[in-house]
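Worksheet for the structure shown next.
Nothing in this text is a laboratory measurement; each read-out follows from the coordinates by a stated rule. What you see is a predicted model, and the numbers here were worked out from it, not measured in a lab. Neighbour counts are summed over all protein chains in view; Cβ atoms, including those assigned to glycine, are modelled from backbone coordinates with ideal geometry.
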């Protein structure tokens with residue numbers, strides 16, 4: 001299966017890593033359906049990009065929204081679950097609502113999306129599912145308990161689906177980036193280092209996605225751990 005001329009669904013496509021992934025796929029002549037909470041004016045990518053405004057944190061609405069999306073786009077043969085957000089602090093600093101919100105967006109929405117499209121991918125006998133993990137899926141850290149919990153869960157989901165789908169022609173993989181220079185950190189008290197070797201770029205992650213997709217049929221890249229050459233964290237004054 002060649003990755004070109006495919007129809008690929010990307011979540012979190014309106015900015016950051018998701019936008020870079022969408023742009024890379026469009027450069028490779030794929031059709032992209034991008035899910036985002038909102039798309040800013042001037043963010044259009046041309047006729048091969050279809051923006052779909054969906055708030056993935058509104059869990060109760062997602063099953064019907066995803067069902068409609070699948071019925072309108074039966075040619076989708078790849079799902080890239082990229083959407084997510086980070087909030088960091090000691091566990092007791094989180095309210096129950098904040099905990100639920102992070103789990104809903106970072107984990108439950110991804111499970112519901114894959115659940116909706118998995119039967120059709122298996123029916124095609126081919127396809128790809130790529131989850132966006134994190135270095136926080138590999139090792140928990142101080143003040144990151146809830147975020148790490150969602151990313152560890154995504155990694156477990158990817159590993160289980162890999163086993164479940166191996167006989168159906170559907171490949172499942174996860175990418176675990178280190179700190180990426182995007183607006184993910186705009187509301188946080190820390191950010192990656194500014195030197196070129198102290199952070200990843202969104203384009204680095206997009207290249208990793210393409211590496212997975214462009215592997216020959218029959219070869220599956222299960223997991224990519226992607227890191228800057230140096231790990232540098234800069235802290236902002238509160």
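Neighbouring Cβ atoms within 10 Å as the yardstick, rank 78, 165 fewest first.
Details: 78 26, 165 20.
The order, fewest Cβ neighbours first, is 165, 78.
Taking square-rooted eigenvalues a ≥ b ≥ c of the alpha carbon gyration tensor, is region 1-81 rounded, prolate or oblate, where a/c under 1.5 means rounded and, failing that, a/b exceeding b/c means prolate?
On the way: a/c = 1.93, a/b = 1.23, b/c = 1.57.
Since a/c reaches 1.5 but b/c is at least a/b, the shape of region 1-81 is classed as oblate.
222 nm [θ] for the chain, helices only, -39500 (n - 2.57) per DSSP H run of 4+, per residue, to 500? Mind showing how you got there, number by number?
Numbers: 6 runs with 80 residues, N = 238.
Only helices count here, giving -10500 deg cm²/dmol.
Report the gain in length on full extension from residue 196 to residue 219: 0.36 nm times residue separation, minus Cα-Cα distance, nm rounded to one decimal. Could the numbers behind the result be given before it?
Values: separation 23, 0.36 × 23 = 8.28 nm, distance 3.21 nm.
Result: 5.1 nm gained on full extension.
Using the alpha-carbon atoms, what tilt in degrees (0 to 90, nearest 10) does helix 109-124 show relative to the longest principal axis of the chain?
On a 0 to 90 degree scale, this one is about 20.
Please give the helix 16-27 orientation as an angle from the longest Cα principal axis of the chain, in degrees from 0 to 90, rounded to the nearest 10.
The helix 16-27 is inclined about 30 degrees to the chain.
With the contact rule set at Cα under 8 Å and sequence spacing of 6 or more, what percent relative contact order holds for region 69-152? Can you show the working numbers first?
Details: 85 pairs, mean separation 38.0, N = 84.
With pairs under 8 Å counted, the relative contact order is 45 percent.
Please work out the Cα convex hull volume for region 91-140 and give it in Å³ per residue. Walk me through the numbers on the way to the answer.
Details: hull volume 4.0 nm³, N = 50.
About 79 Å³ per residue, rounded to a whole number.
Of all DSSP beta bridges in region 1-153, what percent run antiparallel (nearest 5)? Provide the component values of the computation, followed by the final result.
Values: 0 of 18 bridges.
Roughly 0 percent of the beta bridges in region 1-153 run antiparallel, per DSSP.
If region 31-166 were replaced by its equivalent ellipsoid, with semi-axes equal to the square roots of 5 times the Cα gyration tensor eigenvalues, what would those be, largest first, whole Å? Working shown, then result.
On the way: eigenvalues 145, 74, 36 Å².
For region 31-166, the ellipsoid semi-axes come out as 27, 19, 13 Å.
Counting other C-beta atoms within 10 Å, which of 148, 95, 22 has the fewest, and how do the rest follow?
Values: 148 19, 95 9, 22 28.
The fewest-first ordering by Cβ neighbours comes to 95, 148, 22.
If you stretched the chain out fully between residue 234 and residue 92, how much longer would it get, using 0.36 nm times the residue separation minus the C-alpha to C-alpha distance?
In short, 48.7 nm is gained.
Would you kindly state how much longer the chain becomes between residue 27 and residue 227 on full extension, computed as 0.36 nm times their sequence separation minus their alpha carbon distance, in nm to one decimal? Don't jump to the answer; show the numbers that get you there.
On the way: separation 200, 0.36 × 200 = 72.00 nm, distance 2.43 nm.
Extra length from residue 27 to residue 227 when fully extended: 69.6 nm.
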